[in-house]
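For reference, the structure is listed below as C-alpha cells.
The values are calculated or read from the model by the stated rules, or taken from the named source; none is laboratory data. Only a predicted model underlies this, so the values are computations on that prediction, with no experimental measurement involved. Note: ideal-geometry Cβ built from the backbone for every residue, glycine included; neighbour counts use all protein chains shown.
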C-alpha cells in the first residue's frame, strides 16, 4: 500500500513531548513559525510544503505560565486552518490533554455543554480527525465530534507500571467517584491480566455543587489490600485525598493515586505531603511545572509518547 507523505508539527509548549512521539514514528518534526503581536494576537504557519500530505499537529491544551488553555486552543485551531488552506490532504489534531473535556453535560439549568462547542470549533476549521488521551467521559467525547476520533486510554500504561510493584499482593482498584467506574474497571482488568491474580473493585460516593464536594461512603472491600485510586486527572488533589483517607480508614495497607494528567492546581502541594498516600503516578501529557522539586519527589511520571505514536501510526494504516 502506498501512503501519502506524513508531516508532524508541534506547537510551542508541546515540543518536548512531541519530540518523543516523532522519534518513535521515525520522522522529524516539521519546521513552522509562531509569532505573537503586542496586543496578544498571534499567527502560525508551516515553513515547508504540506500540499497533498497528511498533517498531524500535536498540542497539549493545558494552561501554563505563558498561555491559557484558551490561547493554546486558538493557536491549534488557527494553525490547523493554515494547513488546510495550504493544501494538506488531511489534518489531525493530536491533543495529549484536551481542554474543556470535563464540562460534557448539563448538571444545572442552562448549563453549557462546552465539550460540544469545542468540537464545533474543530469541525468549523476543517480538522479531519482528533486524537486525545484519557478524556473525562469517552462517550461524551465521541458523541461531541462528528469527525473521526481516537481515544487513548492510560489504563495499559498505568497497569504496566504497577504490575511489578503489586504482584503477589492483594490489590483493589478504586474509582474516586461513580462516574469513573469504567476507567477503574479498565485498569483493574489490565492489572489483573498482568499479575495473574484477582483485583478487587471499589468506588467513592461523590457529589459536587457550587464547587463544593461531598460524600463519604466507600463501596467495596479494601481491608488488608493495596488500593490504587485511578482518575483521569489531578487538579487540586482534593478528590484523591478524600478517597485515600477513606481507604486508609477502611483498612487499606497502602494507597497509591494514579491519573493520566497532572495539572496540580491550588492544593496540590498538600497532596504531595498527604500521609495517607504512598505514591502518585501520572503520565507526561502535562508537564509538572507547578510543582517544586521537593514536592515532585513523591511523583512518578510515565511516558505516554509510545501510545500517542501508535495512534498516529494507526491513522496511516486506515484507522
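Some values worked out for this structure:
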read-out	value
Single residue of the range 18-54 satisfying the filter (touching a helix residue (DSSP H, G or I) at 6+ places or on another chain (Cβ under 6 Å) and outside any strand (DSSP E or B)) that is farthest from residue 312 (Cα to Cα)	50
Failed criterion for residue 67 (all others in (1) within 28 Å of residue 283 (Cα to Cα); (2) out of contact with any helix residue (DSSP H, G or I) (no Cβ under 9 Å at 6 or more places or on another chain); (3) surrounded by 15 or more Cβ atoms within 10 Å (Cβ to Cβ) hold)	(2)
Total residues in the range 135-158, condition in contact (Cβ under 8 Å) with a residue 40 or more places away in the chain and closer than 19 Å to residue 56 by Cβ	4
Test result for residue 195, in contact with a helix residue (DSSP H, G or I) (Cβ under 7 Å, 6 or more places away or on another chain), at pLDDT 95 or above and within 21 Å of residue 77 (Cα to Cα)	no
Cβ-Cβ under 6 Å pairs, at least 6 apart or on other chains, the range 213-228 side more than 19 Å from residue 183 (Cβ to Cβ), far side surrounded by fewer than 20 Cβ atoms within 10 Å (Cβ to Cβ) and at pLDDT below 90	214/207; 217/205
Flag if residue 144 is in contact with a helix residue (DSSP H, G or I) (Cβ under 9 Å, 6 or more places away or on another chain), in the same structural domain as residue 126 (by TED's automatic domain parsing) and surrounded by 21 or more Cβ atoms within 10 Å (Cβ to Cβ)	yes
Residue among 297, 219, 259 that is at pLDDT 95 or above and touching a helix residue (DSSP H, G or I) at 6+ places or on another chain (Cβ under 9 Å)	259
Residue pairs meeting the criteria (Cβ under 6 Å; at least 6 apart or on separate chains; first exposed (fewer than 11 other Cβ atoms within 10 Å of the Cβ), in the range 26-46; second in a strand (DSSP E or B))	33/45; 35/43
Residue check for residue 66: in the same structural domain as residue 10 (by TED's automatic domain parsing), over 30 Å from residue 180 (Cα atoms) and at pLDDT below 95	yes
Long-range neighbours under 7 Å by Cβ, at least six apart or interchain, first residue over 21 Å from residue 104 (Cβ atoms) within the range 177-190, second part of a helix (DSSP H, G or I) and at pLDDT 95 or above	190/155; 190/156; 190/159
Among residues of the range 73-124, those that are touching a strand residue (DSSP E or B) at 6+ places or on another chain (Cβ under 9 Å), touching a residue at least 24 places away in the same chain (Cβ under 8 Å), part of a loop (DSSP other than H, G, I, E, B) and surrounded by fewer than 23 Cβ atoms within 10 Å (Cβ to Cβ), counted	4
Positions within the range 159-168 being exposed (fewer than 15 other Cβ atoms within 10 Å of the Cβ) and in contact (Cβ under 8 Å) with a residue 40 or more places away in the chain, in sequence order	none
All strands (runs of 3 or more DSSP E) inside the range 225-319 with 3 or more residues being closer than 24 Å to residue 137 by Cβ and touching a strand residue (DSSP E or B) at 6+ places or on another chain (Cβ under 9 Å)	226-234, 254-262, 279-283
